[in-house]
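Everything on this sheet refers to the single structure shown next.
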Amino acid sequence: MEEKTKKDESEDISAEDGSPISYVHTQNVPAFLEEHNFSLLVSTYQAGRVLLFTSAEGKLSMLMRRLERPTGIALNNTRLAIAAKSQIWTFRPAKNVRDVEGTLLPHDYVWLPRQSHVTGFIDSHQIEWFNSQLLVVNTRYSCLCTLDLDWSFRPIWKPPFVSAITPDDRCHLNGVALDAKGPRYVTALGETDSAEGWRENKADGGIIVDVRSGKTLTKGLSMPHSPRLYAGKLWVLESGTGSLLVVDETTGKTQEVIKFAGFLRGLSFFKEFAFIGLCKAREKKHFGNLPIEDEFGEFECGVSIVDLNSMQQVGFIHFQSGIEELFDIVVMPDMISPHLVGFEEDTIGQVKIFPPLA
């Protein structure tokens, strides 16, 4: 691992409360992004921002866009979806976008907001594309759902132990892992059927549920998040212990891969690397009385890069001020200089692309 760090900060970028956002990173991160030809998109509902990390000529840059409580991010070749407080935004990529003077913008992709589906507050957590359908982990209503123009959302599955789809967050369903056939596993913070019943045993009540059989695969986890199927394995973040786990899909037994001084949330894979989100877990209502508190005195917030061959951290981006919690991380492959158009008037108001008159 490259031990030296580089500090990037600017008084021009700030969190919702006006405090400046600054970060440090290991010196190898810019070259790493350029060598593997990708960028990183990160959401933080705590700061109300979506963060786009790119690199050019050995310098890491961070573009920030405002969204109200952004959480899950889903990306495929033609669409980018971002969940916000009461709606889900869909972006489309465009090339050869020009400014008002006609000058070509220096980006390989420009992601433009194109649609918004108003769900109302459903506490959307993880979202994923399955073919052309967007799957949403609907935490407030304890179900998986899709979007439907005639409805706020359309439920497609709920855990068998949840008796009704009601807006009371019965088990804190928060993550879904997909395979070639669709949703395969989900994570929840409790096998409970009462309003916010998961809170009573949040330190060790977490579960992984097999979507197709309805059976609980693993119990006794400390606030599991971000399940993923990758390289033939089921991975999950055990946030309450700061651990990345591998789960045996037959027995449900878990094996710790690596541990961090942070509440983990947000997991993405690319080639032989994992990208893991760390949070400082600053408030006690959701994050108090967890095992991680007994092991680490200070928490980090940022993105850790882990080599899956050595299972060692090989780089990181750490926030020093302004951001204390992350939610999701998405790798943007083959995009070395993407751009995300925001909703500020001087940004979105200037973008106009159209085909020639037939």
* **Identity of the residue in region 33-80, on the phi < 0 side of the Ramachandran plot, in contact with a Phe, Trp or Tyr (Cβ under 8 Å, 6 or more places away or on another chain) and of a type in the set (Lys, Arg), that ends up surrounded by the fewest Cβ atoms within 10 Å (Cβ to Cβ)** => ARG66
* Which numbered condition LEU290 misses (of (1) crowded, with 20+ Cβ neighbours inside 10 Å; (2) within 18 Å of the chain's Cα centre (by Cα); (3) farther than 20 Å from SER142 by Cβ) -> (2)
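Looking only at region 208-223, count every residue that is closer than 15 Å to GLN255 by Cα and either without any contact (Cβ under 8 Å) to a residue 40 or more places away in the chain or of a type in the set (D, E, K, R) (or both) and tell me the total. Talk me through it step by step, then tell me what you get.
So in region 208-223, the residues closer than 15 Å to GLN255 by Cα come out as 208, 217-222.
Okay, now just the ones that are also either without any contact (Cβ under 8 Å) to a residue 40 or more places away in the chain or of a type in the set (D, E, K, R) (or both), so 217-221.
The qualifying residues number 5.
When the residues of region 217-234 are narrowed to those that are of a type in the set (Gly, Ala, Ser) and not in a strand (DSSP E or B), which ends up farthest from PHE270 (Cα to Cα)? I'd like the intermediate steps shown before the answer.
Keep residues of region 217-234 that are of a type in the set (Gly, Ala, Ser), which gives 220, 222, 226, 231-232.
If we keep only those that are not in a strand (DSSP E or B) too, we end up with 222, 231-232.
Working: SER222: 26, ALA231: 10, GLY232: 14 Å.
It comes out as SER222.
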* Total residues in region 59-110, condition hydroxyl-bearing (Ser, Thr, Tyr) and at pLDDT 95 or above -> 4
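Run down GLY175, GLY214, GLY190 and say which single residue is buried (at least 16 other Cβ atoms within 10 Å of the Cβ), in a loop (DSSP other than H, G, I, E, B) and either of a type outside the set (Lys, Arg) or modelled with pLDDT under 95 (or both). Step through it out loud before you land on a result.
Numbers: GLY175 fails: in a loop (DSSP other than H, G, I, E, B); GLY214 fails: buried (at least 16 other Cβ atoms within 10 Å of the Cβ).
Step by step, each of GLY175, GLY214, GLY190 is checked, and only GLY190 is buried (at least 16 other Cβ atoms within 10 Å of the Cβ), in a loop (DSSP other than H, G, I, E, B) and either of a type outside the set (Lys, Arg) or modelled with pLDDT under 95 (or both).
Touching a strand residue (DSSP E or B) at 6+ places or on another chain (Cβ under 9 Å) and either at pLDDT 95 or above or over 29 Å from PHE260 (Cα atoms) (or both), is that true of PRO167?
Values: touching a strand residue (DSSP E or B) at 6+ places or on another chain (Cβ under 9 Å): no; either at pLDDT 95 or above or over 29 Å from PHE260 (Cα atoms) (or both): yes.
So PRO167 does not fit the description; no.
Being buried (at least 22 other Cβ atoms within 10 Å of the Cβ), closer than 30 Å to GLY297 by Cα and either in contact (Cβ under 8 Å) with a residue 40 or more places away in the chain or more than 21 Å from the chain's Cα centre (by Cα) (or both), is that true of even one residue in region 251-259? Reasoning before the result, please.
Within region 251-259, the subset buried (at least 22 other Cβ atoms within 10 Å of the Cβ) is none.
Checking region 251-259: not a single residue is buried (at least 22 other Cβ atoms within 10 Å of the Cβ), closer than 30 Å to GLY297 by Cα and either in contact (Cβ under 8 Å) with a residue 40 or more places away in the chain or more than 21 Å from the chain's Cα centre (by Cα) (or both).
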* Scope region 198-211; condition surrounded by 19 or more Cβ atoms within 10 Å (Cβ to Cβ) and not in a loop (DSSP other than H, G, I, E, B); matching residues -> TRP198, GLY206, ILE207, ILE208, VAL209
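Residues checked against (1) at negative phi; (2) in contact (Cβ under 8 Å) with a residue 24 or more places away in the chain; (3) not acidic (Asp, Glu):
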residue: THR146; (1), (2), (3): yes, no, yes
residue: GLY182; (1), (2), (3): no, yes, yes
residue: TYR185; (1), (2), (3): yes, yes, yes
residue: GLU191; (1), (2), (3): yes, yes, no
residue: GLU200; (1), (2), (3): yes, no, no
residue: SER239; (1), (2), (3): yes, yes, yes
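The values are calculated or read from the model by the stated rules, or taken from the named source; none is laboratory data. Nothing here was measured: the structure is a model prediction, and the numbers come from that model. Cβ coordinates were reconstructed from backbone atoms using ideal geometry, including for glycine residues, and neighbour counts include every protein chain displayed.
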